[in-house]
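The values are calculated or read from the model by the stated rules, or taken from the named source; none is laboratory data. Computed from a predicted structure; not experimentally measured. FYI the Cβ positions are ideal-geometry reconstructions off the backbone, even for glycines, and counts take in every protein chain you see. The protein model used for the area step is the full one, side chains on, heavy atoms only, and it has no ligands, DNA or RNA in it. Shrake-Rupley method; radii C 1.70, N 1.55, O 1.52, S 1.80 Å.
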Amino acid sequence: MNIIDFIVSNFNEFLSFTGFANATVGNIIMIVVGIFFIWLAIKKDFEPLLLVPIGLGIVLGNIPFRADAGLEIGLYEDNSVLNIFYQGVRQGWYPPLVFLGIGAMTDFSALISNPKLILIGAAAQFGIFGAYMIALALGFEPNQAAGIAIIGGADGPTAIFLSSKLSPNLMGAIAVCAYSYMALVPVIQPPLMRLLTTKKERHIRMQPARRVSQLERIMFPIIGLLLTTFMVPSGLPLLGMLFFGNLLKESGKTTRLAKTAGSALNDVVVVLLGLTVGCSTQASEFLTMNTVFIFLLGAFAFIIASSTGILFVKFMNIFLPRHKKINPLIGNAGVSAVPMCARISNNMGLEYDRHNFLLMHAMGPNVAGVIGSAVAAGALLGFFS
């Protein structure tokens, strides 16, 4: 073989390894989707801390390469760097660490001062069980239906944790769906809130919350941990870390640990979680009819959860005295997207009455929704295990 034949042969071999030679229509579609996510995050400010890592992960996961070349670079190839990072998702390591950060950043005072708000967070979980029944009707297996239904809690880490245990083959679609609807909270919820409330209800002013003592704030994570985990021990990884993080915050003696859990550690985990969840959407694994059904069911679950929270507040108001009525605009906050849902409640309240600040009131059902979604996930996991 002369030198020219050698160069041509090796050049042709090189071309066979390039993305241009291995690209499929599915790869191009998913790369466009990833870029769209990044655009939503940067241009529209839709949860950039979530959508930028996920969007770039979708692009990264769909860079085409020769699957039979043994390059060990793809997410689903053993010993690749991305595969090692992905173990935190597949084995369920990342979600409890995210819950640790949430607990360290969350103030439960609004819920402690008005415990009946926890009922709103519980009511919003109806979306999970409504979606579960629809998923069964569509032919999904019971464990797969449970993994899909948890999207209704609008809690990405919870969805990842449960699907990694019950339906790992659908985890990529479930995770992307859950985070997508979390980011679209500002688009989905306001029309529902306007549709389901009257002008008079939107103007309801709630009484200021009472002051919560430090002892109450310290006792809450301990009592909350015991009550929830005795009820659903299978929710211990999520609930335990949530209340642990909150105890670090409220004890007054572990401020450094709370700051680390809520900032540096949480940021690292969110980066790895978002990136690897995005990378898991390789076109060959992601572009299926099941993915379409999952996104439709996710939308249904999210709408039902938001609507149920609002309607449950209206139901509660039937029995509450006039001076203790609850503004139904905080009902949407029973969905556990913290603090996005609470901010939307506050913005909607100010839209109709510029002196009606609902943020602190809405934080009650919002943090109750976090606890409720974790309890629901624990219940489903315990049942199907």
Nearest-ten-degree value, helix 48-61 long axis tilted from longest Cα axis of the chain: 20 degrees
Tell me what the chain gives for mean residue ellipticity at 222 nm when only DSSP H runs of n ≥ 4 count, each as -39,500 (n - 2.57), the sum divided by the residue total, rounded to 500 deg cm²/dmol. -22500 deg cm²/dmol
Counting other Cβ atoms within 10 Å of each Cβ, which chymotrypsin sites (Phe, Trp or Tyr not before Pro) in the stretch 55-127 have at most 13 and sit in a DSSP loop? none
Computed over the stretch 50-127, protein heavy atoms only, probe 1.4 angstrom, the accessible area per residue in square angstrom equals 40 Å²
Note to self: Kirkwood Rh of the stretch 1-127, Cα pairs, one decimal, Å, is 19.0 Å
Report the normalised scattering of the stretch 204-288 as log10 I(q)/I(0) at q = 0.22, 0.26 Å⁻¹, calculated by the Debye formula with identical scatterers on the alpha carbons. -1.04, -1.15
Over the stretch 254-385, with neighbouring protein chains present, the accessible area per residue in Å² at probe 1.4 Å is 41 Å²
Crossing angle, helix 25-43 versus the chain [Cα axis fit, 0-90 degrees, rounded to tens]: 40 degrees
Divide the volume of the convex hull of the Cα atoms of the chain by its number of residues and quote the answer in cubic angstrom per residue. 153 Å³
So what does log10 I(q)/I(0) come out to for the stretch 44-105 at q = 0.16, 0.20, 0.26 Å⁻¹, using the Debye formula with one equal point on every Cα and no solvent? -0.69, -0.92, -1.13
Relative contact order of the stretch 107-256, defined on C-alpha pairs under 8 angstrom at six or more residues apart (%): 20 percent
Please compute the contact order of the chain in relative form: average sequence separation of alpha-carbon pairs under 8 Å and at least six residues apart, divided by the residue count, as a percent. 28 percent
Which of Gly130, Phe6, Ser16 sits closest to the plus end of the dipole of the chain, meaning its Cα is farthest towards the positive end, when Lys and Arg get +1 and Asp and Glu get -1 on the C-beta? Gly130
Which angle from 0 to 90°, rounded to the nearest 10, does the C-alpha axis of helix 185-196 make with the longest principal axis of the chain? 40 degrees
Over 23 Å between Cα atoms, which of Lys116/Lys324; Lys249/Lys324; Lys44/Lys259; Lys199/Lys314; Lys44/Lys249 qualify? Lys249/Lys324; Lys44/Lys259; Lys44/Lys249
Rule-of-thumb check for the stretch 275-385: C-alpha Rg over 2.2 N^0.38 Å? 1.34
Computing the accessible area with a 1.4 Å probe over protein heavy atoms, can you report the carbon and sulfur percentage for the chain? 69 percent
Along the dipole axis of the chain (charges at Cβ: +1 for Lys and Arg, -1 for Asp and Glu; origin at the Cα centre), the most positive-end residue among Phe220, Phe300, Gly278 is Phe220
How charged is the neighbourhood of Ile120? Take every other residue with its Cβ under 14 Å from the Cβ of Ile120, and add Lys/Arg as +1 and Asp/Glu as -1. +3
On average, how much accessible surface per residue is there in the stretch 140-201, in Å², for a 1.4 Å probe, leaving out ligands, DNA and RNA? 28 Å²
Mind listing the phi-derived Karplus ³J(HN,Hα) values for the stretch 322-333, rounded to whole Hz, using 6.51, -1.76 and 1.60 with θ = phi - 60°, and x for any glycine or proline? 3, 7, 10, 4, 9, 6, x, 5, 8, x, 5, 6
